[in-house]
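For reference, the structure discussed in these notes is given below.
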Amino acid sequence: MKKHLNLLIITGLVTGFSLFVIITSCYIFISQPNRNGKLELHNLKDKVSIYFDNHGRPHVYANNLHDLVFTQGYLTAQDRLFQLDITRRAAKGELAEILGKKGLIRDKFSRDIGLIESAKNELNNSSKESLELLKYYSEGVTAYIEKHKHNLPLEFKVLNYRPKPWEPIDSILIFKQIAEVTDTSWQLDLIRQKIFSKIPIERAEELFEQDFPGNPIINYDAKKYLVFDEYILKKPNLLQRWKNIRQDVAFKKLIASPYFKIKKTIIEAADFLRNGSDRWEGFNWGSNCWVVGQNKNNNPILANDPHMELANPSFWYPIHLVDKTNNINFLGLSIPGIPGILIGHNSKVAWGITSLSADVQDLFIGEIKKDKSPYCKVENGWEKAKIIKSEIKVKNQKKPYLHKTIVTKCGPILDHNGKSALALKWSITDVKNSDSVNSIWNLNMVSNWEEFRNDLRTYNGSTLSFHYVDKEGNIGYQAVGFIPHRVGISGNLPVAGFTCDKYWVGNIPFDELPHAYNPQTGYLVSANNKVVSPDYKYDLGNNFLSPFRAGRVSTLLSHAKSIDIDETKEMQKDLYSWVANYLTVQILEAYYNSKMSNKDLLPVIQLLNKWDFKLTADSPEALIFEKTYENLLTKILSNKLGINLSKDYLKEWRANSLALIRILITEDKFWLPEGIKNYDSLLLLSLSDAVKEIKQITKTEDPSKWQWGTYHTLTIQHPFSKAFSFIGSLTNAGPMKVGGDRDTISAFGTNNNLKVVWGPSARVVIDLNDLNNAHVQIPLGTSAQLGSKYYRDQTKGWLENNDIPFVYDEGLITQNSKDTLILLPE
């Protein structure tokens with residue numbers, strides 16, 4: 001009987017699952033986008049022709065500006081509607097309306113930091129041209145919603161709601177939401193405060209080192225800042241160069257502030273979208289970008305691979321927009337929700353981006369008191385704070401949640417304990433004269449360097465490094481964004497009192513932001529490293545990544561006899577690690593200097609002795625290095641900071657490899673754990689512990705059978721697969737074995753379980769002398785519609801950096817078109 005009952009249960013489950021698959025498949029089928037035939041749409045003015053290539057990437061040909069931007073909005077909604085809606089909801093603080101109580105913590109945080117008010121300010125100050133673009137785009141998105149209101153993508157069916165019409169402010173909110181995810185220095189400031197209160201200031205500063213010999217800064221002095229190369233691997237040489245650099249760094253007085261223990265829920269709210277239920281530690285908005293000027297050996301080339309969370313759907317939407325009437329013809333990667341493209345090319349110019357990682361946030365801790373209204377202590381007494389009230393709808397609750405945000409002159413209060421409060425000053429919500437939409441749209445049509453720079457002046461999003469190259473072989477670099485000009489503070493720690501007007505004196509003038517044009521090197525590189533020397537006039541902050549990726553790119557470019565598109569694609573796949581090189585050399589020296597033999601380590605030493613320092617997926621040496629690195633840094637930090645603070649530091653401080661290298665080079669006894677007599681002993685102990693751990697997790701004693709990629713795996717997950725694991729094979733891409741780490745050109749970052757969670761969100765290589773051979777790849781596919789043949793068809797090509805070019809010539813586009821859709825006025 002029991003056996004029969006079990007059989008019935010299993011049969012029921014199988015039948016239920018089969019029924020789910022059948023119903024889901026039918027729904028997926030009827031909600032698939034139109035890519036063939038003719039379609040009549042309301043608000044369209046003229047015929048629009050759309051040609052789709054082998055990856056479903058659209059080439060749009062319109063006869064006027066309205067129809068061009070309208071169609072971009074329509075097509076983006078057709079492929080990415082849920083992505084559009086969930087992103088604007090995150091920015092508006094409206095997730096709880098569809099997710100219930102679990103979205104409320106995030107919604108309150110979004111309301112508090114003022115994204116909506118910032119977007120309203122920018123909308124009110126936008127040019128007539130921007131307002132038109134936003135209107136046209138909104139009409140396109142809304143047209144798709146109305147046209148398909150009865151067969152929306154599956155996500156809407158599962159969550160049981162219908163998206164609202166798209167509005168112009170929603171597009172501006174996309175800019176703000178991206179900045180909120182990437183601008184996280186306020187969290188790092190709190191970690192710094194803990195560390196600075198635990199160990200001496202000069203020691204704490206060593207953990208946040210940013211200057212490094214050979215760092216490929218923009219407009220560097222070749223005599224002082226040498227190109228990264230193998231010679232700086234020599235410890236005495238490197239140590240002396242480091243001392244030379246350190247002499248240039250002026251000590252900045254720290255403004256003391258009272259310690260403020262922020263509620264854990266605030267950090268959880270900030271991490272809500274980035275962590276996905278504690279799925280991974282930290283976030284990396286990184287990138288590599290370089291441009292090479294034309295000479296007798298090189299064509300003008302741009303290479304770009306922005307590093308972000310490898311999410312489903314992909315962050316970027318590839319598109320080609322043409323309006324011959326207005327001389328518009330550009331191709332590249334757009335951000336769903338924003339008109340135009342952010343990375344790509346037109347007929348004369350190509351451009352790409354990396355994160356500048358400038359510090360645009362400060363925390364101010366001051367006194368508050370409540371009478372009938374809240375008051376904040378300022379230098380001249382007490383000042384009344386502003387209160388913003390809002391209602392947050394919560395799914396399955398009859399009444400909305402009533403929320404209040406307290407805003408001081410130093411920004412909104414993130415947290416308070418009744419007597420003191422923590423306020424966030426953030427330039428993106430502070431600036432009143434920005435026009436990001438117009439800035440990006442005009443950028444798409446530039447023809448020279450002067451136009452390029454001018455069009456970036458009003459951009460107000462995440463601080464970025466823009467790279468430029470034109471058909472004549474001119475190259476340029478421009479840092480963009482509104483970056484505060486600080487006086488009297490470094491911005492690295494919370495500041496005592498609501499005194500922001502004393503320390504923030506406007507923004508760094510655009511013309512004095514880092515920029516370069518046609519340097520003698522013939523190339524320009526940035527990879528989230530510090531792009532200025534210590535004597536730069538202004539303070540960009542202290543949140544940059546290690547210089548090792550940028551250094552590797554510079555080395556390869558400086559040694560190359562010629563650079564073509566194939567060489568560039570190979571560079572993007574490069575897995576050499578300078579950090580692995582340095583650390584392995586130190587380990588080998590320590591082993592051979594040791595008078596005590598260790599038979600267990602001998603096979604590992606023999607492997608390391610022959611290693612080329614490339615973190616390939618099949619490399620046992622890469623796994624040995626990574627686990628040794630982890631053990632070594634943990635031992636050093638936990639000795640002085642304790643386990644919990646060490647974890648916080650490693651989570652938030654993305655340049656920790658630079659701190660480790662500095663400690664190893666200086667061999668400072670302060671950082672030696674108790675009971676360890678010297679750094680050679682520490683290195684060998686860390687290696688030994690790593691080997692024991694690897695043997696345990698691999699279940700084999702043979703090092704030749706260990707592989708980095710066995711544990712360094714990537715699965716790009718659809719959000720629903722976390723709740724319904726049985727649909728993972730239908731919705732996810734992976735698991736895939738990948739090489740590299742945070743400091744290789746081909747960069748991939750992990751969580752605490754070595755699972756890859758961030759990496760190249762796109763790979764772009766453009767040769768301006770051969771625009772039909774532009775490579776524009778994303779991790780999944782153009783469409784986020786489950787069941788689409790373009791859902792994850794680019795994954796293999798993206799991983800191998802080898803795929804079908806995104807063609808520019810109209811004749812080739814129409815000739816090779818996979819599908820053709822004609823839009824007509826209704």
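The values are calculated or read from the model by the stated rules, or taken from the named source; none is laboratory data. Remember, it's a predicted structure, so these values are computed and weren't measured experimentally. Here Cβ is always computed from backbone atoms with ideal geometry, including for glycine, and neighbour counts include all displayed protein chains.
What to note about this one:
- Matching residues in the stretch 443-479 - criterion: being aliphatic (A, V, I, L, M), over 25 Å from Q177 (Cα atoms) and crowded, with 24+ Cβ neighbours inside 10 Å: V469, I475
- Pick from the stretch 802-826, criterion among the β-branched types (V, I, T) and part of a loop (DSSP other than H, G, I, E, B), ranking: farthest from the chain's Cα centre (by Cα): V807
- Any hit, the stretch 521-528, residues being farther than 27 Å from E383 by Cα, of a type in the set (F, W, Y) and out of contact with any strand residue (DSSP E or B) (no Cβ under 9 Å at 6 or more places or on another chain): no
- The stretch 497-538 - residue that is in contact (Cβ under 8 Å) with a residue 12 or more places away in the chain and charged (D, E, K, R) and, of those, nearest to S554 (Cα to Cα): K530
- Test: residue in the stretch 29-43 that is among the aliphatic types (A, V, I, L, M), in contact with a helix residue (DSSP H, G or I) (Cβ under 7 Å, 6 or more places away or on another chain), surrounded by fewer than 24 Cβ atoms within 10 Å (Cβ to Cβ) and in a loop (DSSP other than H, G, I, E, B): no
- Qualifying residues in the stretch 731-771 (those that are outside any loop (DSSP other than H, G, I, E, B), more than 16 Å from the chain's Cα centre (by Cα) and of a type in the set (G, A, S)) - the one farthest from W351 (Cα to Cα): G734
- Any strands (runs of 3 or more DSSP E) falling wholly within the stretch 307-362 and containing at least 3 residues that are more than 29 Å from L414 (Cβ to Cβ): 317-323, 328-334, 343-345, 349-355
- Residue-level check: of (1) crowded, with 21+ Cβ neighbours inside 10 Å; (2) in contact (Cβ under 8 Å) with a residue 12 or more places away in the chain, Y791 misses just (2).
- Sub-7 Å Cβ pairs linking a first residue in the stretch 433-450 that is within 16 Å of H320 (Cα to Cα) and in contact (Cβ under 8 Å) with a residue 12 or more places away in the chain to a second residue that is polar (S, T, N, Q) and in a loop (DSSP other than H, G, I, E, B), at least 6 apart or interchain, are N444/N346; M445/N346, ordered by first then second residue.
- Of S681, S686, all but one fail to be closer than 21 Å to K599 by Cβ, touching a helix residue (DSSP H, G or I) at 6+ places or on another chain (Cβ under 6 Å) and modelled with pLDDT of 90 or more; the exception is S686.
- Taken over the stretch 390-420, the criterion of being polar (S, T, N, Q) and farther than 16 Å from K370 by Cβ is satisfied by S390, N396, Q397.
- Any chance S554 is of a type in the set (S, T, Y), assigned to a helix (DSSP H, G or I) and closer than 30 Å to I483 by Cα: yes
- Taking strands (runs of 3 or more DSSP E) as the structural unit, those lying wholly within the stretch 485-538 and holding at least 1 residues that are within 20 Å of L424 (Cβ to Cβ) correspond to 504-507.
- Filtered residue count, the stretch 772-801, keeping only those that are in a loop (DSSP other than H, G, I, E, B) and within 27 Å of T616 (Cβ to Cβ): 8
- In the stretch 641-684, the residue that is surrounded by the fewest Cβ atoms within 10 Å (Cβ to Cβ) out of those that are farther than 22 Å from I199 by Cβ and of a type in the set (A, V, I, L, M, F, W, C) is L684.
- Top-ranked residue in the stretch 415-442 [being more than 16 Å from A479 (Cβ to Cβ) and hydroxyl-bearing (S, T, Y); ranked as surrounded by the most Cβ atoms within 10 Å (Cβ to Cβ)]: T429
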